[in-house]
Amino acid sequence: MHEWSLAEALVKTVINETKNLEFKKISEIKIAIGRLQNIDKKIIKYAIKELSKKTPLENAKIILNEIEASFKCRNCNFKWRLRDVKIKNREEIHFFPELVHAFSKCPNCGSSDFEILSGRKIWIENIKILK
Ligand SMILES: [Zn+2]
């Protein structure tokens, strides 16, 4: 379950980023999660809530923003998104992102030599504080 270690890193980052600011509390954080990340959103939300207890982040609203996966063909430079392609086993891609190459190819030229432009990372998009 890497949700807990990710949640821990996120909570630490938020606290670090805000430690020199003057504020009463953190009211909201927005986290971007790439669709190819193998993350259970319920678990990570729960983990963040648990790890936020007795920190300035306690009771903050947690918004998870799912980022669509997008790709670029190295052969013809065509760009496309995961939702643009019909893939038999979409769920398998969600759980095993490394299989994405086996299940997808460039819709333009059919090449399987492509790079993943987005959908892999997780980051903090926004932190709202109450002064
Ligand atoms: Zn192509």
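In summary, Cys73 fulfils each of the numbered conditions (1) closer than 23 Å to Ile48 by Cβ; (2) at pLDDT 90 or above with the single exception of condition (1). Among the residues of the range 9-62, those identified as outside any strand (DSSP E or B) and either in the same structural domain as Ser104 (by TED's automatic domain parsing) or among the β-branched types (Val, Ile, Thr) (or both) are Val11, Thr13, Val14, Ile15, Thr18, Ile39, Ile43, Ile44, Ile48, Thr55. Among the residues of the range 63-89, those that are within 16 Å of the ligand (Cβ to nearest atom) and outside any loop (DSSP other than H, G, I, E, B) comprise Ser70, Phe71, Lys72, Cys73, Lys79, Trp80, Arg81, Leu82, Asp84.
The values are calculated or read from the model by the stated rules, or taken from the named source; none is laboratory data. Only a predicted model underlies this, so the values are computations on that prediction, with no experimental measurement involved. Cβ atoms come from the backbone with ideal geometry, glycine included; neighbour counts cover every protein chain shown.
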